Structures are given as C-alpha cells and as structure tokens.
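The values are calculated or read from the model by the stated rules, or taken from the named source; none is laboratory data. What you are looking at is a predicted structure, and each value in this text was computed from that prediction instead of being measured. Cβ atoms come from the backbone with ideal geometry, glycine included; neighbour counts cover every protein chain shown. SASA here: full protein model, heavy atoms, side chains in, ligands and nucleic acids out. Shrake-Rupley method; radii C 1.70, N 1.55, O 1.52, S 1.80 Å.
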Amino acid sequence: MPTIIALDVSLSMTRTVPPGSNSGNTEESLTFHQLAIQGINTILDYLGKHSKLEFVSLIIYSSLYEVVVDFTRDYESIRQALHKIEHYDKTSLENVLVAVNNMFKTHWGNHNYCQIMFITDCGIGMGPSSLKNTIINLQSYKAQSNSSGVKVPVSENHWVGFSYPSKLTFMCLGNINDTAFKFGTKLYQQLLDISGQNGQIYIPKPKTLSIEDPIGDDGDENSRQLSRKSIQEMFERTCEQNYKQFEATLRCGGYFRLEGAITIWPAPLPYTSKDIFGAETTTIISRRLEICGYLSLSDIGSPMSVSRHLILPRGDGDKRISSKDSNLTTEEKLENDIKTFYAKPDGSGSGGGGGGGDNNDDCGPGGDATRESVCVLLHGALKVENMAALVLLNDNWYGFIYSYADSKKKSNLMLNVLPPGNDVIPWLGDFRFLGNLDDAFPGESPSFPIKAEKRSYSQNIVVWIRQAGLQSDIQKVLRHAKKLPEKTQHFYKELNRIRRAALSLGFIELLEGLAHIFEREVATLGGSASPDCSIQLKHAANELRKPSNRDLKAVIQAMPTKYNQIG
C-alpha cells in the first residue's frame with residue numbers, strides 16, 4: 001500500500017504562524033512550513049515503528065511540481081531531503097493531482113491501493129489554475145458524462161479523479177477562526193465530494209468534529225490554536241486511522257487446533273462485486289482464517305487473484321483466549337481449556353493444577369520463547385513440501401497461503417486472495433468437494449487436477465509480455481523473407497500468425513510498423529537476393545494496410561510469380 005506525500009511549497013507556506021495561534025509562546029517563531037516538516041517526520045516515525053514495509057514518495061508542488069524522493073523504504077533519505085526544500089510561487093492543485101495520478105500508474109498500475117496525503121495551508125490559488133476553476137471543470141465533466149451516458153474524453157491537463165483505488169487526505173494547517181482558511185477548507189471538501197474520491201480533511205485539534213460539521217464552529221478558541229503539539233496530535237490521529245493494521249487469528253488442525261495471532265499486510269480491502277442486475281455486494285475478510293487443506297503448487301498454477309499480502313506473526317501471537325469470553329461457542333471454550341491445561345509445565349508452582357479457568361499467558365518457563373508459532377511451523381512445512389494451504393477467508397470466500405522467496409536468502413509467508421466463490425479456479429472445481437485420495441471411489445482416476453483429453457485452443461500461442469518476444473517474432477519473419485522463394489510458405493504462415501495476434505490484442509499499430517519494415521528491407525536488399533523477395537515484401541506491405549485484412553478470418557496469400565510457381 002504505497003504512500004505519496006505531497007508538500008505545498010508555495011510562498012504562503014513561508015508565513016509565520018500568528019502569535020495568538022502559537023499557544024502564547026512568543027519565544028518561538030514558527031512558520032507553516034516548519035509545522036509541515038514536523039508533520040511529515042511524525043508520519044515517518046509512525047511508519048518506521050508500525051509499517052516498515054510501506055513505500056513512501058515525497059513530492060513538492062506550487063504552480064509546478066517536483067518528485068523529490070521516489071518510492072522508497074529508506075525513510076532517512078526523505079528526512080534529509082526535507083532540509084533542502086525551496087519555496088516557489090502560487091499553489092496549483094490540479095497540476096500535482098494529474099502528476100500523482102500518472103506517477104502512481106507508471107510505478108504500480110491501476111489495481112494497487114495508494115495513500116495520498118497533501119500537506120497544505122489550504123491556499124486556493126489564482127487564475128485558470130485555481131482550485132475554484134478545478135471544481136468548475138470537474139462539475140462540467142461530471143454533467144457531460146451523466147447526460148451522455150458514456151465516458152467523456154479527458155484532457156491530459158485536467159484531473160477528474162484517480163483511476164486506481166486510493167484514499168486522498170488533506171492535512172490542513174491553519175486556524176479555523178481564520179476566514180480565509182475556513183473558506184479554503186470548504187473548497188477542498190467540495191473537491192472531494194464532487195470527485196467522489198475516498199478521502200478526508202484533517203485540521204488541528206477539531207474537538208467538535210461531527211458528521212454534520214466536519215470542521216466545527218463552536219468550542220474554546222484556545223483548543224484550536226496552531227502549535228507543534230496540535231500538529232503532532234493531528235498527524236498521529238491520521239496515521240492511526242489510515243495505517244491501522246489488520247489483525248486476525250490463523251487456525252488449522254482438527255479438534256486440538258493450532259492457532260496463532262497474525263497481522264496481514266497490507267490490510268485487505270473490502271471486495272465489492274455486482275450481479276447481473278447491477279446490485280452491489282461488499283464482502284470483508286473475517287478476523288478468523290481457517291485452513292481447510294493443502295494442495296501442491298503445481299496443481300494450483302497461477303489463478304486470477306484479487307490481491308496478495310504478507311502474513312506476519314503478531315507480538316502477542318499465542319496468548320490464550322479466556323474461556324469465559326461470551327463470543328466463544330461451547331466447543332471453543334472447551335478447546336481453550338484443554339489447551340491451557342496441556343500448556344502448563346508439570347510441577348510448576350505458578351502453573352500447577354489443572355483448572356481450566358486459569359488463563360496464564362506464558363505457556364512455560366521460557367514465556368514467549370517457548371510458545372509455539374503457527375506461522376513458523378506452517379511456513380517451514382509449506383516451503384519444504386512445495387505446497388499451499390487452502391484457507392477459508394469468509395463464507396464462500398477462499399485464498400491460498402504459500403511460501404514465497406523474494407531472494408535466495410529470505411522467504412515469506414504469503415496470502416493470495418481469490419475472488420469470492422466456491423468455483424473460481426476452473427481446473428480445481430468446487431472447493432467444497434475437494435477431498436483426499438483415500439476418498440476416491442474404486443477405479444476412479446487418481447490424477448489431479450483433471451485434464452481434458454483435447455484442448456479447445458492451439459498450443460502454438462503468441463506471447464508478447466516482454467519486448468524481446470515481439471522482436472524475436474519479427475526477426476523470424478524477416479529471416480524467411482530473405483530466403484524467398486524457397487521459404488514462401490513459411491514467410492506467410494508467420495506473417496499471418498503475427499497479424500492475428502496483433503488484431504486479437506488490438507495492436508493495430510504493429511501492422512503499419514511491419515509494412516514500413518518490409519518497405520525498408522526492399523530498399524536494402526543486396527544483388528544476391530531473388531527478385532521474388534522484393535515482390536513478396538511489397539505485396540505483404542500493401543496487404544497489411546488493407547482494411548479488409550483487419551478481419552481475423554482473413555488470410556494473406558502469397559502473390560503468384562514465375563519465381564515461386566504458386567498456382
């Protein structure tokens with residue numbers, strides 16, 4: 001879950017905080033920029049303590065923008081960059097919103113979740129790049145889209161929302177008794193409302209926060225004074241809400257179950273799906289994950305997934321749950337009592353006796369060091385056996401836990417979240433009907449997963465995931481072209497294969513590119529080349545440009561000549 005911190009470096013941020021806002025401390029003269037730097041350091045301190053795996057990027061903006069630090073986990077580099085920041089002219093929010101949208105898509109794509117935090121004194125700018133003008137353009141775009149029912153093309157310089165899941169947060173530095181600041185915060189809130197972004201506005205110490213009055217107009221004036229303490233409290237409150245860890249319990253086994261407290265990072269988002277009637281259903285991963293069984297990684301393959309997460313053991317990993325907990329069923333209370341009984345050392349003075357009501361957190365003389373860890377046991381077993389655990393995330397929702405190595409020396413326990421449903425991996429079938437080989441009927445084939453005898457597609461497929469694959473296919477066609485007329489059939493076979501793949505992917509530009517390549521090859525042919533080579537290359541270039549050959553069923557045929565004797 002990467003984070004982008006955007007710092008306003010307009011000239012208004014160099015203003016000195018009004019003396020009345022500095023909690024009566026006349027000895028220290030603070031600027032809004034200094035308070036913003038303190039807030040960024042508070043964010044980095046929180047991430048360094050609670051979310052060390054978070055990628056963070058720092059951007060500064062005024063009328064233009066600059067990426068000061070690209071996405072990194074080295075928070076110290078961001079701290080050092082904060083001391084080298086200079087200030088520029090007026091605020092232009094729309095330019096940096098467009099830049100943030102493009103920057104994140106370039107690094108992470110359209111399916112990752114991003115935290116975007118703007119730190120500003122709520123300046124609205126002037127002229128065409130002002131916040132008012134941005135809101136007007138956004139309203140106009142929304143009105144056109146709603147009236148036409150189709151997506152209206154967007155200019156590259158206009159922002160109409162982020163194209164990926166995100167949370168947009170504005171950290172507003174100012175006093176709500178200031179008329180200009182109050183007007184600015186209302187415009188920023190209006191921007192969030194019109195754009196439909198998932199976001200929130202924070203102001204220093206809003207004691208009277210409510211849904212109806214997010215800014216608050218009543219209360220003691222001194223309770224909202226701008227100071228180092230109020231800024232730190234505001235940023236700490238923001239971090240606690242935006243970076244709350246997803247804590248759950250992982251359970252596996254039969255009656256005497258193993259269980260451990262885990263943290264899932266990044267926190268899984270609710271999954272929203274639509275049925276054929278357009279009704280939306282939102283599903284949330286349960287806080288109790290149940291392992292149902294184990295499968296070989298080769299059987300699972302690479303199914304479509306919603307997201308991937310790290311599974312980390314929690315510090316309070318295996319503390320026993322009280323058997324008096326009202327949320328537990330009778331069986332779970334009995335199971336917890338049995339675990340507590342067997343966990344006590346024999347003859348121990350503090351842990352002696354077999355009463356199930358005693359809930360001693362330390363399972364032995366060594367305390368946490370001797371306590372079992374489900375994550376360690378599961379990770380080691382899955383890594384050695386090259387298997388994955390099928391885990392129940394919620395009703396009718398499954399995922400896989402497996403060992404993943406990002407380097408030769410370090411491996412992690414990963415959770416692969418599948419789309420909700422029992423039959424989301426076609427080659428495995430319904431998860432509810434999976435069983436052991438011992439459960440098979442006499443004479444039933446032991447092979448798993450079941451494979452079709454005849455495939456419904458050609459195995460000779462075209463893969464252009466990397467640039468080298470496309471270059472290799474084009475070079476193969478050119479090698480056949482230079483050996484015409486002997487390789488006439490091979491040349492047109494490969495040419496039609498590339499053409500069909502390009503049409504299937506919507507890569508129409510490739511056809512024009514091939515035509516240019518063929519024409520250039522004609523001009524560079526040597527004297528030893530057959531005359532049929534230039535004839536066929538010119539013919540192929542013309543055929544690629546014909547609209548009739550944009551049909552997948554069409555086939556480009558060779559031109560009959562006296563050299564190839566076709567027809």
With respect to the numbered conditions (1) hydrophobic (A, V, I, L, M, F, W, C); (2) under 43 Å from the mean Cα position of the chain (by Cα); (3) crowded, with 18+ Cβ neighbours inside 10 Å, which one is the sole condition not fulfilled by Val555? (3)
Just wondering, is there one or more residues in the stretch 373-385 that are over 15 Å from Leu258 (Cβ atoms) and of a type in the set (Ser, Thr, Tyr)? no
Name the residue, out of Ser129, Ser147, Ser92, that is surrounded by 12 or more Cβ atoms within 10 Å (Cβ to Cβ) and out of contact with any Asp or Glu (no Cβ under 8 Å at 6 or more places or on another chain). Ser92
Of the residues that make up the stretch 41-48, is at least one part of a loop (DSSP other than H, G, I, E, B), touching a helix residue (DSSP H, G or I) at 6+ places or on another chain (Cβ under 8 Å) and among the small types (Gly, Ala, Ser)? no
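Could you tell me whether the stretch 97-108 includes any residue that is surrounded by 20 or more Cβ atoms within 10 Å (Cβ to Cβ), over 16 Å from Ile194 (Cβ atoms) and in contact with a Phe, Trp or Tyr (Cβ under 7 Å, 6 or more places away or on another chain)?
Going residue by residue through the stretch 97-108, those that are surrounded by 20 or more Cβ atoms within 10 Å (Cβ to Cβ) are 97, 100, 104.
The next check asks that each one be over 16 Å from Ile194 (Cβ atoms); those that pass are 100, 104.
Right, trim to in contact with a Phe, Trp or Tyr (Cβ under 7 Å, 6 or more places away or on another chain) and you get 104.
Looking for residues that are surrounded by 20 or more Cβ atoms within 10 Å (Cβ to Cβ), over 16 Å from Ile194 (Cβ atoms) and in contact with a Phe, Trp or Tyr (Cβ under 7 Å, 6 or more places away or on another chain), one finds at least one in the stretch 97-108, hence yes.
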I'm checking my understanding of the structure. Among residues of the stretch 1-29 that are touching a helix residue (DSSP H, G or I) at 6+ places or on another chain (Cβ under 7 Å) and in a loop (DSSP other than H, G, I, E, B), which one is modelled with the lowest pLDDT? Thr26
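Which residue is farthest from Ile401 (Cα to Cα), if the candidates are limited to the stretch 275-292 and must be of a type in the set (Ser, Thr, Tyr) and without any contact (Cβ under 8 Å) to a residue 60 or more places away in the chain?
Of the stretch 275-292, the ones of a type in the set (Ser, Thr, Tyr) are 281-283, 286.
From what's left, without any contact (Cβ under 8 Å) to a residue 60 or more places away in the chain: 281-282.
Working: Thr281: 25, Thr282: 23 Å.
So the residue we want is Thr281.
Can you go through Ser51, Ser77, Ser29 and tell me which one is of a type in the set (Ser, Thr, Tyr) and over 25 Å from Lys205 (Cβ atoms)? Steps first, answer last, please.
On the way: Ser51 fails: over 25 Å from Lys205 (Cβ atoms); Ser29 fails: over 25 Å from Lys205 (Cβ atoms).
Going through Ser51, Ser77, Ser29 in turn, just one is of a type in the set (Ser, Thr, Tyr) and over 25 Å from Lys205 (Cβ atoms): Ser77.
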For the stretch 252-286, how many residues are surrounded by fewer than 12 Cβ atoms within 10 Å (Cβ to Cβ) and within 27 Å of Val376 (Cβ to Cβ)? 4
Among (1) loosely packed, with under 12 Cβ neighbours inside 10 Å; (2) part of a helix (DSSP H, G or I); (3) at pLDDT below 85, where does Gly355 come up short? (2)
Of residues in the stretch 248-294 being over 20 Å from Arg308 (Cβ atoms) and of a type in the set (A, V, I, L, M), the one modelled with the lowest pLDDT: Ile276
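Does Ile43 qualify as being under 19 Å from Arg237 (Cα atoms), open to solvent by less than 10 Å² (accessible area, probe 1.4 Å) and either in contact (Cβ under 8 Å) with a residue 40 or more places away in the chain or of a type in the set (D, E, K, R) (or both)? Let's see the steps before the verdict.
Numbers: under 19 Å from Arg237 (Cα atoms): yes; open to solvent by less than 10 Å² (accessible area, probe 1.4 Å): yes; either in contact (Cβ under 8 Å) with a residue 40 or more places away in the chain or of a type in the set (D, E, K, R) (or both): yes.
So Ile43 passes the test.
Condition check ((1) closer than 22 Å to Met126 by Cβ; (2) loosely packed, with under 14 Cβ neighbours inside 10 Å; (3) modelled with pLDDT under 85) across all residues:
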position: Val152; (1), (2), (3): no, no, yes
position: Asn157; (1), (2), (3): yes, yes, yes
position: Leu173; (1), (2), (3): yes, no, no
position: Gly184; (1), (2), (3): yes, no, no
position: Asp193; (1), (2), (3): no, yes, no
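Taking Ser166 as the residue in question, decide whether it is surrounded by 13 or more Cβ atoms within 10 Å (Cβ to Cβ) and at pLDDT below 90. Quick ask: steps written out before the conclusion?
On the way: surrounded by 13 or more Cβ atoms within 10 Å (Cβ to Cβ): yes; at pLDDT below 90: yes.
Answer is yes for this residue.
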Pairs needed: first member in the stretch 259-271, over 22 Å from Asn396 (Cβ atoms) and polar (S, T, N, Q); second member anywhere, outside any strand (DSSP E or B) and open to solvent by less than 10 Å² (accessible area, probe 1.4 Å); C-beta distance under 8 Å; at least 6 residues apart or different chains. none
For the stretch 239-306, give me every one of the strands (runs of 3 or more DSSP E) that falls completely inside it and has 1 or more residues that are of a type in the set (Phe, Trp, Tyr). 246-252, 258-265, 271-274, 288-296
